[in-house]
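The values are calculated or read from the model by the stated rules, or taken from the named source; none is laboratory data. Source: prediction; values computed, not measured. FYI the Cβ positions are ideal-geometry reconstructions off the backbone, even for glycines, and counts take in every protein chain you see. All accessible areas refer to the heavy atoms of the entire protein, side chains included, with ligands and DNA or RNA removed. Shrake-Rupley method; radii C 1.70, N 1.55, O 1.52, S 1.80 Å.
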Amino acid sequence: MEGNVLDVHKLRPSQFRGLDRRRTVAVLPFAPIECHGEHLPLGTDYIAAGELFRSAAERFAEANPEWKFLFTPVIPLGADAVPHGGSLWVSAGVVRDVADEMTKRFIEYGFRFVALFSSHGGFGQTLAME
């Protein structure tokens with residue numbers, strides 16, 4: 001297991017169990033597939049969710065090598081997407097419930113820090129993530 005920014009789906013079970021729960025942040029990025037106009041891909045929020053927090057985590061880990069960040073794949077859920085061709089969204093309640101359930105799993109596994117991240121700015125999304 002190399003580096004301080006890890007992908008949970010690439011770890012073996014023993015590597016997952018070996019993480020220091022006191023110095024590992026589990027990161028759950030959320031983003032819908034959404035139309036942002038003809039000049040951008042439908043996955044703009046999705047791409048940003050996968051890269052923005054990861055970039056910040058890498059910088060933090062460089063300065064604080066005792067910390068690790070454990071990322072799930074981007075969860076393709078978002079509320080209040082722009083209702084144009086290609087946008088896919090769910091209700092804010094679905095986002096809230098999935099965020100709650102996923103957070104509970106990490107807490108059950110002993111993680112002390114879970115960060116929910118979204119690159120989508122819909123009002124319903126913001127409330128659901130809170």
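May I ask for the angle, rounded to the nearest 10°, between helix 92-108 and the longest principal axis of the chain, with both axes built from Cα atoms and the value confined to 0 to 90°? Approximately 10 degrees, to the nearest 10. Among the listed values (i) 0.96; (ii) 0.93; (iii) 1.00, the one computed from these coordinates for Rg/Rh (Cα atoms, Kirkwood Rh) is (iii). For the chain, the longest principal axis of the C-alpha atoms and the axis of helix 44-63 are separated by about 30°.
For the pair residue 9 and residue 56, what calculated FRET efficiency results from E = 1/(1 + (r/R0)^6), where r is the Cβ-Cβ distance and R0 = 25 Å, to the nearest 0.05?
With a Förster radius of 25 Å, E is 0.75.
For residue 33, the residues whose modelled amide H falls within less than 5 Å of its own, excluding neighbours fewer than 5 places apart on the same chain, are 88. Ligands, DNA and RNA left out, the 1.4 Å accessible surface of the chain is 57% carbon and sulfur atoms. Accessible area per residue for the chain is 57 Å², calculated with a 1.4 Å probe on protein heavy atoms, without ligands, DNA or RNA. To check you understand DSSP bridge types, tell me what percent of the beta bridges within the chain (both residues inside) are antiparallel, rounded to 5. So the antiparallel bridges amount to about 5 percent of the total.
Charge tally around residue 86: other residues with Cβ under 13 Å, Lys/Arg +1 each, Asp/Glu -1 each, net -3.
At an R0 of 25 angstrom, the distance between the Cβ atoms of residue 100 and residue 47 translates into a FRET efficiency of 0.50.
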